[in-house]
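Peer 1: Below is the structure I would like to discuss, written out as structure tokens.
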Amino acid sequence: MIAYIVRRLLILPLVLFGVTVFIFGIFSLLDPVMRASLYVRDVPKTADALQRIIHKYGLDDPIHIQYWRWLNQVIRGNFGWSKTAQRPVLQAIGYYLPASLELALWAMVPVILGGIVLGILSALHHNRPLDHTTRVFALIGWSFPSYVYGLLLLMVFYATLRWFPPGRISDWVSREVIVGTFRQYTGMYTLDAVLNLRLDVFADALRHLVMPVLTLSYIQWALLLRVTRSSMLETLRQEYVMTARAKGLKEWVVVYKHATRNALIPVVTMGGLLLVGLLNGVVITETVFNYPGLGQWAARAATTFDMLSVLGFSLFGSTLLVFGNLAVDVLYAVIDPRIRLE
Amino acid sequence: MRTIRQLLRNPLSLTGFVLLLFFVGVAVAAPRLAPPARAWEPYRIVQCGFSPTPAPPGDPNPFRAIWKVVTGQATLCQVHPFGTTGEGQYDIYYGVVWGTRTAFQVGLIITGACVLIGIVVGAIAAYFGRWVGEIVMRITDIFMAFPFLVAAMTIAAVLQPKIGRGLVTAMIALIVFGWMTYSRLIRGDILAVKERDYVQAARAAGAGHLRIILRHILPNAIFPTLVLASMDIGSYVISFAALSFLGLGAEIGYADWGQMLSFARNWIARLNEYWWIIFYPGMAILLFVLAWNLVGDALRDVLDPRLRGRITV
């Protein structure tokens, strides 16, 4: 067990090193002139200004020297200046993270309810109407691009019914939360509103979250539903389940105490894919709903050639994913002793 | 023959095949269905006038409007069967029809390139000993450490100022981070086939590496990869359209469904009035992807039961 975790931890720096090499490799596809232009705020007044910048920052040095210099800065937390956010990239990530985190955490509610619970029910009602209905919905959900889905939600619930607005909070709330009486503990408005005992702010923040949460979560739950369903079907066919039934145990004991626990083991491995889905999903979802989070910031940066922001977000996302996958692997080994022996 | 009958008996896979045939038909007949205004650049969507707001479909019955266009009784700009986009006044019907061709090109080229790279990398990793394999697979791991769409977005953003905004940029971005699942799958299958007696026999008979891989190993190991690829075409089309939607794929005015959907972002408060901007391109992409997913699922169930229930993203 310990040996397994240590082995996984030893690979970690290697993978992270590889990730930084990749990011810098992508960056160095750009000519020195283009990279120099990222550091310039206004139009250079003299003809050789760009050349001087290139020379000053060593943008035409051999690539491994440049990489080393860049890595030193990155380790110190200096990712450069984000033009889109008008602040350093690391600060920008800190600034936009609470909004995206809030979105992702709320998205877990329908993912777990819709994915796991429906998956188990679907397996229990194998080949009956409930099973067919959920499968068809999962199949359509699987084929539904999230931007189309999000725009349809906007059409129905915003443009027509005016129930759920886009954005993150209403104007009057944004004035409220700046005032000193409202303390921002986490930057996640729903949580802060509860801590400040402000139900009106909570309701407003939640109203803005409904559509993005639905958009971000449905692909994930369609995925989880398929995995849970097939895993549960396979577990129910196992002999120990038959034994439990033969012993005369009540059906719900067999299902929930014996089958479900084992059936959910493969679902744990979906954690990594879930994280990928969330990271990809926030980019699209936040862009569709004009929700000011990490994804929208990165998408805006990508279309305006604010490369330092895009690379910062990419590095942030992949680092998060590397640690997320590690956590999933360790968790899997803890839950399922068979894995450790491999 | 039995396989085909089996495929057609299942209502879901039958739906998939019918939808796919429909899209093939639309793609082939595009010049008849939506005659280009400028024959030398058919993928530029026809523009009608200069109004700032989207124009509604010219006829409440879109089929009648399409019939008029096909038979030459009216031009696209007189009836625009699916309405226009607003800014730029791009004709949506034209874009949806020619966008079918774009979707086929994009889906097949990306999938084909990814499978090809996957096979080459997987074959190298599996065939040439432990150390080569180990190193190649660790490099693959690093590619997999990136969230797919975020990584593709990064590459597209870097390539845009270098080779311009367009199909090629976005396709390269998606291919660079799309091949890894195939290389892993084919590596496992080659490792399983490699030690079979007939491969040993071929080696003993003096066949070279390339000949053994191409003639003896690949034909027996490639099938699961191809099935998996057929299931992925739909999701590549979604990802490509997502890049276009974000403004990193096809250029503005190009016949591409994702690019057309991005026009809807200007009108989110009035989408109930201008429903056609999202309805037609949105349905086109949904049905196209659904068709590939249904066909892919059906192919997998019939050809390779081993992959049943396998989840891919």
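Peer 1: Search region A:299-342 for residues being within 14 Å of residue A:22 (Cα to Cα) and among the aromatic types (Phe, Trp, Tyr), and hand back the single one that is farthest from the other protein chains (Cβ to nearest Cβ).
Peer 2: A:316
Peer 1: Please work out if residue B:236 is at pLDDT 90 or above and in a loop (DSSP other than H, G, I, E, B).
Peer 2: no
Peer 1: Find the helices (runs of 4 or more DSSP H) located wholly in region A:38-122 whose residues include 3 or more that are of a type in the set (Ser, Thr, Tyr), and list them.
Peer 2: A:89-110
Results for (1) polar (S, T, N, Q); (2) surrounded by fewer than 15 Cβ atoms within 10 Å (Cβ to Cβ); (3) outside any loop (DSSP other than H, G, I, E, B); (4) touching a residue at least 60 places away in the same chain (Cβ under 8 Å), shown as yes or no for each residue.
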residue	(1), (2), (3), (4)
B:5	no, yes, yes, no
B:39	no, yes, no, no
B:94	no, no, yes, yes
B:111	yes, no, yes, yes
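Peer 1: Give me the pairs: first residue in region A:186-206 and surrounded by fewer than 19 Cβ atoms within 10 Å (Cβ to Cβ), second residue not in a helix (DSSP H, G or I), beta-carbon distance under 6 Å, and six or more apart or on different chains, which are they?
Peer 2: Listed pairs, sorted by first residue: A:195/A:185; A:196/A:182.
Peer 1: Restrict the check to region A:81-91 and report whether at least one residue is touching a Lys or Arg at 6+ places or on another chain (Cβ under 9 Å) and more than 22 Å from residue B:155 (Cα to Cα).
Peer 2: The answer is no, given that none of the residues of region A:81-91 is touching a Lys or Arg at 6+ places or on another chain (Cβ under 9 Å) and more than 22 Å from residue B:155 (Cα to Cα).
To keep it simple, each residue is scored yes or no on (1) more than 30 Å from residue A:30 (Cα to Cα); (2) touching a Cys at 6+ places or on another chain (Cβ under 6 Å); (3) at pLDDT 90 or above.
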{"position": "B:155", "(1), (2), (3)": "no, no, yes"}
{"position": "B:166", "(1), (2), (3)": "no, no, no"}
{"position": "B:173", "(1), (2), (3)": "no, no, yes"}
{"position": "B:179", "(1), (2), (3)": "no, yes, yes"}
{"position": "B:185", "(1), (2), (3)": "yes, no, yes"}
{"position": "B:193", "(1), (2), (3)": "yes, no, no"}
{"position": "B:203", "(1), (2), (3)": "yes, no, no"}
{"position": "B:212", "(1), (2), (3)": "yes, no, no"}
{"position": "B:219", "(1), (2), (3)": "yes, no, no"}
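Peer 1: Could you tell me which of the residues A:279, A:273, A:264 is surrounded by fewer than 24 Cβ atoms within 10 Å (Cβ to Cβ) and at the interface with chain B (Cβ under 9 Å from one of its Cβ atoms)? Break it down into steps so the answer makes sense when it comes.
Peer 2: Working: A:279 fails: surrounded by fewer than 24 Cβ atoms within 10 Å (Cβ to Cβ); A:264 fails: at the interface with chain B (Cβ under 9 Å from one of its Cβ atoms).
It is A:273.
Peer 1: Hey, residue B:278 hits all of (1) over 17 Å from residue B:87 (Cβ atoms); (2) without any contact (Cβ under 8 Å) to a residue 40 or more places away in the chain; (3) within 11 Å of chain A (Cβ to nearest Cβ); (4) crowded, with 19+ Cβ neighbours inside 10 Å but one; which does it fall short on?
Peer 2: In the conditions (1) over 17 Å from residue B:87 (Cβ atoms); (2) without any contact (Cβ under 8 Å) to a residue 40 or more places away in the chain; (3) within 11 Å of chain A (Cβ to nearest Cβ); (4) crowded, with 19+ Cβ neighbours inside 10 Å, residue B:278 misses (1) alone.
Peer 1: Out of (1) within 14 Å of another protein chain (Cβ to nearest Cβ); (2) touching a residue at least 60 places away in the same chain (Cβ under 8 Å), the odd one out for residue B:194 is which?
Peer 2: Among (1) within 14 Å of another protein chain (Cβ to nearest Cβ); (2) touching a residue at least 60 places away in the same chain (Cβ under 8 Å), residue B:194 violates only (1).
Peer 1: For region B:130-147, which residues satisfy the criterion of being more than 7 Å from chain A (Cβ to nearest Cβ) and of a type in the set (Gly, Ala, Ser)?
Peer 2: Passing the criteria: only B:133.
Peer 1: Within the group B:14, B:19, which residue is of a type outside the set (D, E, K, R), at negative phi and within 14 Å of chain A (Cβ to nearest Cβ)?
Peer 2: B:19
Peer 1: Turning to a different aspect of this structure: Could you list all residues from region B:244-261 that are within 12 Å of chain A (Cβ to nearest Cβ) and either at pLDDT 95 or above or surrounded by 24 or more Cβ atoms within 10 Å (Cβ to Cβ) (or both)?
Peer 2: Once the filter is applied, which keeps residues that are within 12 Å of chain A (Cβ to nearest Cβ) and either at pLDDT 95 or above or surrounded by 24 or more Cβ atoms within 10 Å (Cβ to Cβ) (or both), region B:244-261 yields B:244, B:245, B:246, B:248, B:249, B:257, B:258, B:259, B:260, B:261.
Peer 1: Have a look at B:202, B:264 and point out the one that is within 12 Å of chain A (Cβ to nearest Cβ) and more than 27 Å from residue A:22 (Cβ to Cβ).
Peer 2: B:264
Peer 1: Might you check whether a residue that is more than 25 Å from residue A:315 (Cα to Cα), among the small types (Gly, Ala, Ser) and in contact with an Asp or Glu (Cβ under 6 Å, 6 or more places away or on another chain) occurs anywhere in region B:81-101?
Peer 2: For region B:81-101, residues more than 25 Å from residue A:315 (Cα to Cα), among the small types (Gly, Ala, Ser) and in contact with an Asp or Glu (Cβ under 6 Å, 6 or more places away or on another chain): present.
Peer 1: In addition: Only one of these conditions is not met by residue A:70: (1) within 14 Å of another protein chain (Cβ to nearest Cβ); (2) under 30 Å from residue A:287 (Cβ atoms); (3) crowded, with 16+ Cβ neighbours inside 10 Å. Which number is it?
Peer 2: Failing condition for residue A:70: (1).
The values are calculated or read from the model by the stated rules, or taken from the named source; none is laboratory data. What you are looking at is a predicted structure, and each value in this text was computed from that prediction instead of being measured. Quick reminder, even Gly has a Cβ in these numbers, built from the backbone with ideal geometry, and neighbours come from all protein chains shown.
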